[in-house]
Amino acid sequence: MNYQGEPDYKHGSAERLGVLLLNLGTPDAPEAPALRRYLAQFLSDPRVIEIPKWKWWPILHGIVLRTRPAKSAEAYRSVWDHHGEGSPLLTIARQQQKGLQTRLSEQMAGPVTVALGMRYGNPSVPSALHELREAGARRIVVLPLYPQYAGATTASTLDAVFDEFMHWRWVPELRTINQYHRDPGYLDALAASIQEHFDEHGKPDKLIMSYHGEPKRYLLNGDPYHCHCYVTSRLVAERLGLSEDDYMVTFQSRFGPEEWLKPYTDETLKALPGQGVKHIAVICPGFSADCLETIEEIGDENREYFEEAGGETYHYIPALNDRGDHLDALARLVRQHTQGWVEHSEFDAVEDQRERERVHENALKIGAKQ
């Protein structure tokens, strides 16, 4: 193993807290070549596709990557620039990074740097970790923006973090926030966003809480994601005073022929008007930022299913994105996970500086002898 050198590091240099903010990722452009690169990385992940490589790769490279990039590029073009410039997920993630940086800089006693990385695509996980290393972060809180834990999302993202550290000589102290599906701040923000929508548009016949799906096989093999989704939904409903008849949990974005978590969002929306449900609102609590799966799939495609089946009023409630209460909740999560780490204020600043100088001088002496 060849460990990366750290030529910019100076022994005795000041340290800071690093926060690694992570999400799934996005292609670099809404074009077929960029989608092919992105999908190749995404669909080659064994956490995402739990099929033996010998069986899956001929399908991936022989069929999927030959046909899907052009179709996906068309879908991405429909949402590109939806929230500013370029990919909506990346645009919102940058806003989240900025908002979290502002809050933590005000709330933490010592210096903090928040870096943004994507599991697939850019900015990459290694580039974000290098940013934190250059900033002098010797303690890092890793925050994947997946409220509900799943092997295909949270665990895969942590794989990328740990893989990068395999090449570092000096690995920082690390804490990971693996899930926050029942965090009060997150739940309060969700409930507030829904209540605001109800106040403006009226209470629907039914609230649909739609989560990204996964193969049922993953649940049976021990993945807690399905349970986390139902816990989040129940706790949000309790905050809103909703009965079990007032809301439904569904799962979207299935891929491939095998059975996924049910009920399926698209099939549910096609069936509801025939059951007398004419007015619905849909929210996606598992998405921390709006993206293709919320804007295009839920906002447009599933709207058409509902209306073609006889539905009359359809609303998509946006993801929490960079709402203030959402960013406040994330900042609290980070602070909670730094408890026990020595705060900068607990040091004697003068003696701390003297100690750094002594360490630096000692390193120079050792270097001079070699």
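What figure in square angstrom, to the nearest 10, would you give for the accessible area of His201 with a 1.4 Å probe?
80
Quick one: among Leu235, Leu190, Leu320, which has the greatest mean-square fluctuation in a GNM of the chain with alpha-carbon springs under 10 angstrom?
The residue that fluctuates most here is Leu235.
Using a Förster distance of 22 Å, how high is the FRET efficiency between Gln275 and Thr313, based on the Cβ-Cβ distance and rounded to 0.05?
0.90
Sort Asp205, Asp199 from largest to smallest accessible area, using a 1.4 Å probe on the heavy atoms of the protein chains.
Asp199, Asp205
Please report the accessible area of Arg36 (heavy atoms, 1.4 Å probe, ligands and nucleic acids excluded) in Å², nearest 10.
It works out to around 100 Å².
Please give the residues of region 84-119, grouped as numeric ranges, whose backbone N is less than 15 Å from a label point set 7 Å along the Cα-to-Cβ vector of Glu196.
Counting only backbone N, you get 96.
Can you compute the FRET efficiency between Trp341 and Glu267 using 1/(1 + (r/R0)^6), with r the Cβ-Cβ distance and R0 = 41 Å? Round to the nearest 0.05.
Once rounded, the FRET efficiency stands at 0.30.
Quick check for you: with a 1.4 Å probe and neighbouring chains kept, what is the accessible area per residue of the chain, in Å²?
Each residue of the chain exposes 48 Å² on average to a 1.4 Å probe.
Of all the stretches in the chain, which is the longest one without any exposed loop site, taking GluC sites (Glu not before Pro) in a DSSP loop (any state but H, G, I, E, B) with at most 13 other Cβ atoms within 10 Å?
86-243
Leaving out ligands, DNA and RNA, what percent of the accessible area of region 175-327 is carbon and sulfur, probe 1.4 Å?
On region 175-327, the fraction of accessible area on carbon and sulfur atoms equals 45 percent.
In whole percent, and with a 1.4 Å probe on the protein chains, what portion of the accessible area of region 12-123 is carbon and sulfur?
The value for region 12-123 is 54 percent carbon and sulfur by accessible area.
If the viscosity is 0.692 mPa s and the temperature 37 °C, what translational diffusion coefficient in µm²/s does Stokes-Einstein give for region 55-179 when Rh comes from Kirkwood over Cα pairs?
The Stokes-Einstein estimate is 195 µm²/s.
In the Gaussian network model of the chain, springs joining C-alpha atoms below 10 Å, which of Gln97, Gln107, Gln148 carries the largest mean-square fluctuation?
Of Gln97, Gln107, Gln148, the Gaussian network model singles out Gln107 as fluctuating most.
Quick one: accessible surface of Lys206, probe radius 1.4 Å, all protein chains present, in square angstrom to the nearest 10.
30
Under a plain spin-label model, where a point goes 7 Å from the Cα along Cα-to-Cβ, how far apart in nm are Arg77 and Asp28?
2.0
The values are calculated or read from the model by the stated rules, or taken from the named source; none is laboratory data. Please read these numbers as outputs of a predicted model, since none were measured by experiment. Positions of Cβ are generated from backbone atoms using ideal geometry, with glycine treated the same way; all protein chains shown enter the neighbour counts. Keep in mind that these areas ignore ligands, DNA and RNA; they rest on the heavy atoms of the full protein, side chains included. Shrake-Rupley method; radii C 1.70, N 1.55, O 1.52, S 1.80 Å.
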